[in-house]
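The values are calculated or read from the model by the stated rules, or taken from the named source; none is laboratory data. Treat the numbers as computed from the prediction; the structure is a model and nothing was measured. Because the Cβ atoms are built from the backbone with ideal geometry, glycine has one as well, and the counts that use them run over all protein chains shown.
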Amino acid sequence: MPHAIRITQTGGPEVMQWEEVQVGEPGPGEVRVRTTAVGLNYIDTYHRSGLYPLPLPMTLGSEGAGVVEAVGPKVKEFRKGDRVAWANPIGSYAEVLLRPVARLVKIPTGLDDKVAAAIMLKGMTSWYLIRRTFKVKKGDTILVHAAAGGVGQILCQWAKALGATVIGTVGSTEKAAIAKKCGCKHVIVTSQENFVERVKQITKGKGVPVVYDGVGKDTFMGSLDCLAPLGMLVSFGNASGAVTQFNPGVLAAKGSLFLTRPTLFTYTAERKDLLAAARDLFAVVKSKKVKISINQTYPLREAAQAHRDLEGRKTTGSTVLLP
């Protein structure tokens, strides 16, 4: 019988259990997939801790790749043997699982399963952030927090390929080298420098039109201070904790700023948007304009240790769990 990482209560990594699970035959609109690789994401820790509450018990995991084992009734788009990848619904930390075909995409020839698993959530998040939420164009100067992280590395490379000047923040000098490699013209080590002052210095006091902030509480107010008038703060994560008790009048005082809290689910709710995101992402990765660094792999059964290392900021780039 296949196994999966399950939780029956929220909490720290210790609540994650490696358990046998029963996987039935696929129903209408479903396929059964044998997983080949699972992507690790910070949102997985939010689901585990209860920051983003979900019904329990549950199998963790937001993205992955695998091979179709069986096809449900009236499914025409996929067949047995197809290599597929997905970002959501939850449940990817499993050796075998059922997937709705509406949320699946085919992995193109020449793209490794581990890479596909590592980029679905982080890569499509980067896609909507720079192609739809704020359309980055040639000549823009942008600020990206956590530039050496999973989303950060993809986003910075992609933005550079679009002709933008990228300012990235990181937490250490070791991560600064990674951010430079990923296209950041300017790197700010936040443990050594005040990022607001450095951004103002780099932009000669003008500020930037957009800040991409996946850090949350620790960087939120400073990010607003980095924006030019009419600039946009894109708050898409809470790595340092959630932002609470925010007064929207601050946006007016700081220059009629825009604030958005977007999600991948909303931007890819329609299948046509999901396919467009995957198509653009796979193309930019295959072109080598965006290179994916899978710097850590763990056995799927050791996902709890992967969570500890992720939350302890001991990881860089992408992490993949292998069944």
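How many of the residues making up the stretch 17-49 are surrounded by 18 or more Cβ atoms within 10 Å (Cβ to Cβ) and either among the polar types (S, T, N, Q) or more than 21 Å from the chain's Cα centre (by Cα) (or both)?
Final tally of qualifying residues: 10.
Output the residue which, of all residues in the stretch 215-226 that are in contact with a strand residue (DSSP E or B) (Cβ under 8 Å, 6 or more places away or on another chain) and not hydrophobic (A, V, I, L, M, F, W, C), is modelled with the lowest pLDDT.
Here the residue is Gly216.
So, of the residues in the stretch 294-323 that are small (Gly, Ala, Ser) and crowded, with 17+ Cβ neighbours inside 10 Å, which turns out to be farthest from Gln17 (Cα to Cα)?
For the stretch 294-323, the residue satisfying everything is Gly317.
Among the listed residues Phe265, Phe282, identify the single one that is among the aromatic types (Phe, Trp, Tyr), assigned to a helix (DSSP H, G or I), touching a Leu at 6+ places or on another chain (Cβ under 8 Å) and touching a residue at least 12 places away in the same chain (Cβ under 8 Å).
Phe282
Which one of these is assigned to a helix (DSSP H, G or I), over 20 Å from the mean Cα position of the chain (by Cα) and in contact (Cβ under 8 Å) with a residue 24 or more places away in the chain: Val196, Val187?
Numbers: Val187 fails: assigned to a helix (DSSP H, G or I).
Every option except Val196 fails the conditions.
Look at the stretch 137-172 and say how many of its residues are crowded, with 24+ Cβ neighbours inside 10 Å, among the polar types (S, T, N, Q) and within 19 Å of Gly231 (Cα to Cα).
1
Does the stretch 85-99 hold any residues that are modelled with pLDDT of 95 or more, surrounded by fewer than 22 Cβ atoms within 10 Å (Cβ to Cβ) and within 14 Å of Glu30 (Cβ to Cβ), and which are they?
Gly91, Val96, Leu98
If Ser240 meets every condition in (1) of a type outside the set (Val, Ile, Thr); (2) touching an Asp or Glu at 6+ places or on another chain (Cβ under 6 Å); (3) in a strand (DSSP E or B) apart from one, which number is that one?
So Ser240 meets the others, but not (3).
Please state which of the following conditions Ile130 fails to meet, knowing it meets all the rest: (1) surrounded by 24 or more Cβ atoms within 10 Å (Cβ to Cβ); (2) under 15 Å from the mean Cα position of the chain (by Cα); (3) in the same structural domain as Asp44 (by TED's automatic domain parsing).
(3)
Suppose we keep only residues that are of a type in the set (Lys, Arg) and free of Cβ contacts under 8 Å to residues at least 24 places away in the same chain within the stretch 268-279. Which one would you say is nearest to Glu63 (Cα to Cα)?
So the first thing to find is which residues in the stretch 268-279 are of a type in the set (Lys, Arg), and the list is 271-272, 279.
Filter once more, keeping what is free of Cβ contacts under 8 Å to residues at least 24 places away in the same chain: 272, 279.
Details: Lys272: 19, Arg279: 16 Å.
Filtering first and then ranking leaves Arg279.
Taking the stretch 1-34 as the region of interest, how many residues are in a loop (DSSP other than H, G, I, E, B), in contact with a strand residue (DSSP E or B) (Cβ under 9 Å, 6 or more places away or on another chain) and more than 17 Å from Asn88 (Cβ to Cβ)?
The number of residues fulfilling the criteria is 10.
Please state which of the following conditions Ile178 fails to meet, knowing it meets all the rest: (1) in contact with a helix residue (DSSP H, G or I) (Cβ under 6 Å, 6 or more places away or on another chain); (2) assigned to a helix (DSSP H, G or I).
Exception for Ile178: condition (1).
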